[in-house]
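Structure first, commentary second.
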Amino acid sequence: MILKGNRRGGAKDLAAHLMKEENDHVQVHELRGFVAGDLMGALNETYAISKGTRCQKFMYSLSVNPPPGQTASTAAIVEAIEKAEKVLKLSGQPRAIVFHEKNGRRHAHAVWSLIDAAAMKAVRVRGDRMALQPLTRELFVRHGWKVPEGLLDRENRDPRSFTLKEYHQARKHGRDPRTAKAAIQTAWAVADSRAAFVSALEERGMKLARGDRADLVCVDMFGEVYSLPKVLGLRIKAVREKTGSERDNPERFLTVGEAKAKTAALMLSTLARFKGEIEESEDRKTEEFERRKADLVRRQRLERQ
């Protein structure tokens, strides 16, 4: 699903826009947490409550669209809204969901009140665009849609192309499991065959292997192991349709130990490069120290004279 949201005011205008007759079908699917029984009344209710605060943009509006040429069921769209609500930390806030259908394309709009009526203060929504991007990518993978280029995570690249600073940061903090999950999901989404999937994983510093329990796994640059079906949210049968079966062709799959060993071997050249950079940096520091020391001695001698 393509998720696009923003904070806004203008309750009357938003309600009128969502109920426009230009769509073939308009359906108010849900009004949760409102006293009013219609969309205009519900959003105006949010506006009235917001007047007890200084909040100018008292609503969060989210559009949920399947990509062009694709369709999604009502249940799938509502599920996406539920997930977005958790990501945005708006659980429990009054919410309206409106479905639009035009030329056979069905999509939805969700609107949340950003006013905590009990505390009479605004609920903060920060970094919503970055927060929704991983969810958007996850939904594309789940539905088997090709992930748009803009959703590919450029940070999840081959660690052999890291700078020394990036490597130290990754090693110090470890790879966030959510980041690793996104990398695997993206690799899966852009690949249409086993070879393409293996290549996409390697571009992100990962190896495909067979686990100890007849399960397919991915091994990252730190040796962490991730269950492929669990990360992708798919049954093992669906995974094997693209990768093949490790039972039928065990020689085509690395063991976890072999995957770790290969990853370590590939990283040796990178570590050697880092070592050279460190030594070169130390040499420059030494040269600079000696130059400054000589300059200090020269100035001291001049002062003594």
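Filtering region 4-30 to residues that are under 29 Å from the mean Cα position of the chain (by Cα), crowded, with 18+ Cβ neighbours inside 10 Å and under 20 Å from Val123 (Cα atoms) leaves Gly5, Leu14. Criterion applied to Ala118, Ala96 was being at pLDDT 85 or above and buried (at least 16 other Cβ atoms within 10 Å of the Cβ), and the one residue passing it is Ala96.
The single residue among Arg137, Arg129 that is surrounded by fewer than 16 Cβ atoms within 10 Å (Cβ to Cβ) and either modelled with pLDDT of 75 or more or under 10 Å from the mean Cα position of the chain (by Cα) (or both) turns out to be Arg129. The numbered conditions (1) part of a strand (DSSP E or B); (2) closer than 24 Å to Arg142 by Cα are all true for Ala75 except (1). A single entry from Gly41, Gly69 fulfils the requirement of being among the small types (Gly, Ala, Ser), assigned to a helix (DSSP H, G or I) and in the same structural domain as Pro134 (by TED's automatic domain parsing): Gly41. For Ile278, the criteria (1) surrounded by fewer than 12 Cβ atoms within 10 Å (Cβ to Cβ); (2) more than 22 Å from Leu139 (Cα to Cα); (3) at pLDDT 80 or above hold in every case but one, which is (3).
For region 14-44, the set of residues classified as over 16 Å from Ser63 (Cα atoms), free of Cβ contacts under 8 Å to residues at least 40 places away in the same chain and out of contact with any Asp or Glu (no Cβ under 7 Å at 6 or more places or on another chain) consists of Glu21, Gly37, Asp38, Met40, Gly41, Asn44, listed by residue number. With respect to being surrounded by 15 or more Cβ atoms within 10 Å (Cβ to Cβ), within 16 Å of Lys4 (Cα to Cα) and touching a residue at least 40 places away in the same chain (Cβ under 8 Å), Ala80 fits the description. Within region 144-167, can one find any residue that is under 22 Å from the mean Cα position of the chain (by Cα), surrounded by 15 or more Cβ atoms within 10 Å (Cβ to Cβ), among the aliphatic types (A, V, I, L, M) and modelled with pLDDT of 85 or more? No, region 144-167 has no match at all.
Would a scan of region 171-187 turn up a residue that is of a type in the set (A, V, I, L, M), surrounded by fewer than 20 Cβ atoms within 10 Å (Cβ to Cβ) and at pLDDT below 85? Scanning region 171-187, I find no residue that is of a type in the set (A, V, I, L, M), surrounded by fewer than 20 Cβ atoms within 10 Å (Cβ to Cβ) and at pLDDT below 85, so the answer is no.
Residues being touching a residue at least 60 places away in the same chain (Cβ under 8 Å), within 14 Å of His100 (Cβ to Cβ) and touching a Ser or Thr at 6+ places or on another chain (Cβ under 9 Å) are entirely absent from region 62-70. Considered as a group, the residues in region 241-261 that are charged (D, E, K, R) and over 28 Å from the mean Cα position of the chain (by Cα) include one that is modelled with the highest pLDDT, and that residue is Glu258.
For Leu271, state whether it is in a helix (DSSP H, G or I), at pLDDT below 80 and crowded, with 16+ Cβ neighbours inside 10 Å. When the stated conditions are applied, Leu271 does not pass them.
The values are calculated or read from the model by the stated rules, or taken from the named source; none is laboratory data. Please read these numbers as outputs of a predicted model, since none were measured by experiment. Here Cβ is always computed from backbone atoms with ideal geometry, including for glycine, and neighbour counts include all displayed protein chains.
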